[in-house]
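The values are calculated or read from the model by the stated rules, or taken from the named source; none is laboratory data. Note that the structure is a prediction, hence the values are computed from the model and not measured. Quick reminder, even Gly has a Cβ in these numbers, built from the backbone with ideal geometry, and neighbours come from all protein chains shown. To get the accessible areas, we keep the full protein, side chains included, count just its heavy atoms, and leave off ligands, DNA and RNA. Shrake-Rupley method; radii C 1.70, N 1.55, O 1.52, S 1.80 Å.
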Amino acid sequence: MRDAPTGSPVETAALPESVPDDEIPESIPAESRAVEANGVTLHVVEAGPEDGKLLVLLHGFPEFWYGWHEAIAPLANAGYRVVVPDQRGYNRSEKPPAVRDYRIDELARDVVGLIDAYDRDEAAVAGHDWGAAVAWWLALHHEERLSELVALNVPHPSVFERALRTSWDQRLKSWYVLAFQFPKLPETVASAGNWRLATNALRDTSAPGTFTDEDLRRYRRAWNRDGAFEAMVNWYRAIVRDRPEPAKTEVSVPTLVIWGAQDQFLARRLANESVERCADGRLLAIEEASHWVVHEHPHRVADAIADHADPLPPGARE
């Protein structure tokens with residue numbers, strides 16, 4: 001077992017583009033770094049003590065590392081070494097060209113590569129949306145590399161597959177997955193009118209005021225990067241073409257499912273069914289939250305993650 005490092009072991013790689021001075025808001029005590037993981041270069045934002053317990057935060061679609069921006073400082077202050085990547089294809093990370101490059105096995109191995117890059121045996125991993133899908137897959141296929149799992153508003157893969165197979169209600173909620181299979185069309189439609197459809201979708205499915213004009217400026221900049229939105233949509237194309245099945249169904253890693261109960265994309269019952277697939281699982285339902293629970297309740301989410309991943313007994317951490 002490797003000890004937590006006393007200094008950062010991470011080799012800095014070169015990104016395709018330089019990172020702008022305002023990539024990280026001044027309010028966030030974090031730094032950018034490029035890390036080689038699983039054969040791709042990932043842009044990561046890191047914060048907190050270098051010898052703290054490693055906590056990897058995974059964003060979803062159509063976001064990037066910034067989706068976690070309000071949770072980073074409280075988690076770093078709780079003593080974690082917080083690492084938030086732009087997952088492959090997103091924002092400033094490398095964008096492999098083929099759909100097969102975005103299969104869920106590859107996405108999970110990217111996170112294993114990150115844990116290796118930080119010279120750790122294991123990490124706590126929290127994921128929202130697609131980031132939760134990757135986190136579930138990690139727990140089912142690389143359980144020895146996870147100390148704890150936190151999944152936000154995406155269910156266990158077997159639960160989701162069954163819902164799509166048996167529930168017309170969930171099929172209708174997930175209509176966009178099929179729409180994303182058309183070549184070029186999703187990219188063209190989403191980017192029209194300065195990304196009007198994409199920005200309206202974020203605002204229309206979240207609580208009023210959740211996404212500010214500054215937030216949306218940052219998202220537009222990330223989506224506009226060469227090849228970025230096509231790569232982001234390729235995650236959906238890959239999952240439909242590959243149709244992977246997990247090697248097992250029970251999650252042995254201690255698991256917390258956080259669920260915004262007003263999610264317009266996913267039925268609430270999927271959260272309870274996901275916890276039932278965990279040997280050591282529990283559910284935190286936030287009744288007033290939407291799918292975008294990380295934005296609407298960042299400090300409540302951060303506190304829940306910190307308490308779940310904390311190696312100390314409840315209440316022992318100051």
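The table that follows gives values for the structure above.
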| item | result |
| --- | --- |
| Cβ-derived FRET efficiency at R0 35 Å, ASP21 paired with THR210, nearest 0.05 | 0.85 |
| Cα principal axis extents for region 224-318, largest first, Å | 46, 35, 25 |
| All Cα pairs of region 173-228, percent lying beyond 19 Å | 33 |
| Projected area averaged over orientations for region 1-155, convex hull of C-alpha atoms, nm² | 8.6 |
| Nonlocal amide H pairs with SER147, under 5 Å, H built at 1.01 Å | ALA123, ALA124, VAL125 |
| Whole-Å semi-axes of the chain's equivalent ellipsoid (Cα gyration tensor) | 26, 24, 20 |
| Convex hull projection area averaged over all views, region 64-145, Cα basis, nm² | 5.6 |
| Of ALA267, HIS43, ALA179, farthest towards positive along the dipole that unit charges on Lys, Arg, Asp, Glu beta carbons give the chain | ALA179 |
| Base-10 log of normalised Debye intensity for region 254-302 (one unit scatterer per alpha-carbon) at q = 0.15, 0.21, 0.25, 0.26 Å⁻¹ | -0.37, -0.69, -0.91, -0.96 |
| Rounded D (µm²/s) - region 81-192, Kirkwood Rh over Cα pairs, Stokes-Einstein at 20 °C, 1.002 mPa s | 137 |
| Residues of type lysines that LYS184 reaches as a straight line, Cα spacing below 25 Å, ignoring anything fewer than 8 places off in the same chain | LYS95, LYS173 |
| Accessible-area composition of region 106-206, carbon plus sulfur, in percent [1.4 Å probe] | 59 |
| Point-charge dipole on Cβ atoms (K/R +1, D/E -1) for the chain, about Cα centre, debye to 20 | 1320 |
| Pairwise label distance in nanometres, ASP242 with ARG282, each label 7 Å out on the Cα-Cβ vector | 3.3 |
| Using alpha carbons only: equivalent-ellipsoid semi-axes of region 164-290, gyration tensor based, whole Å | 29, 20, 14 |
| Directionally averaged projected area (convex hull, Cα atoms, region 195-259), nm² | 7.1 |
